[in-house]
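Throughout, read-outs are computed from the coordinates displayed, never taken from laboratory work. Keep in mind that this is a model prediction, so the values were computed, not measured. Here the Cβ positions follow ideal geometry from the backbone for every residue, glycine too, while neighbour counts run over all protein chains shown.
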Amino acid sequence: MKADAARKWAGRVVTGLAVAVAAITLYQRAAEVPEPMEPDELARSARKLASDALEASVLARALATGQLTTHFAVAQHEQLSQDLEDLRKKLDRPPPAGREARAQQLRESLQRLTEVLFDVPLHMADAQAMSRISAEEQAIAADVGPGDGT
C-alpha cells in the first residue's frame, strides 16, 4: 500500500514539475522580442496593403453603382477585414533596420483603411457615401505607394 502511495505522490510531483517547466517555457517565449521582419517582408506587406485598399475601392464603387449584391459585398468586406488583421499582426513585428518610418507609415495607412472599412456596412445603400469611401480607399492606396518597402 505504501508503494502505491509513493508512486502516486511521485507521479504528482513529476506532473507538477512538467507543468512548471512548460509554463516557464511559454513565459520565456512570450517575453522574447520578436525577430525583425526582413525588408522583402515589409515590401510584401506594402503591396498587400495597397492591393487591399484598391480592392476595397473597387468594391465600394461597384456598390455605389448597384453592380454588387449586398450579400457578396458583405462577404468580400469580411475577407478584407481579415486580411487587414493578418497584415496588422505582421506589421506589429519590429521593422527592418532603417525602415522604421516606412513601417510606421504602413501602420498608419492600415489603421486608416480599417476605419474606412468600418463605415462600409453602415452606408451600403448610400451611393454618395460609397463613392466617398471609394475615393478615400483609393487615396490610401496611393499613399502606400510602391511595394518596394521604401
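Each residue of the range 110-116 was assigned a 3J(HN,Hα) from its phi angle through the Karplus expression (A = 6.51, B = -1.76, C = 1.60, θ = phi - 60°), giving 4, 5, 4, 5, 4, 5, 5 Hz with x at Gly and Pro. Assigning unit charges at the beta carbon (Lys, Arg +1; Asp, Glu -1) and nothing else, what dipole magnitude in debye, to the nearest 20, does the range 39-144 show about its Cα centre? Around 280 debye, computed over the range 39-144.
Note the angle between two axes, namely the Cα long axis of helix 127-144 and the longest principal axis of the Cα atoms of the chain, as a number of degrees from 0 to 90, rounded to the nearest 10. Roughly 60 degrees between the two axes. Using a Gaussian network model of the chain in which every pair of alpha carbons under 10 angstrom is joined by a spring, one finds that among ALA20, ALA43, ALA53 the greatest mean-square fluctuation is at ALA20. Looking at [x] 58.4, 189; [y] 23.9, 82; [z] 14.2, 42, which value of Rg and Dmax of the Cα atoms in Å comes from a calculation on the structure shown? Computed from the coordinates, Rg and Dmax of the Cα atoms in Å corresponds to [y]. Cα centroids of the range 4-29 and the range 86-145: 47 Å apart. In the range 1-124, taking the dipole from charged Cβ atoms about the Cα centre, the farthest positive-side position among LEU63, ALA20, VAL120 is held by ALA20. The distance between label points at ARG47 and ARG7 comes to 6.1 nm (points 7 Å beyond Cα on the Cα→Cβ vector).
How tilted is helix 70-91 with respect to the longest principal axis of the chain? Cα atoms for both, answer in degrees (0 to 90, nearest 10). Once rounded, one gets 60 degrees.
When the helices in the chain are scored as -39500 (n - 2.57) per DSSP H run of 4 or longer and the sum is shared across all residues, what 222 nm value do you end up with, to the nearest 500 deg cm²/dmol?
Calculated mean residue ellipticity at 222 nm is -28000 deg cm²/dmol.
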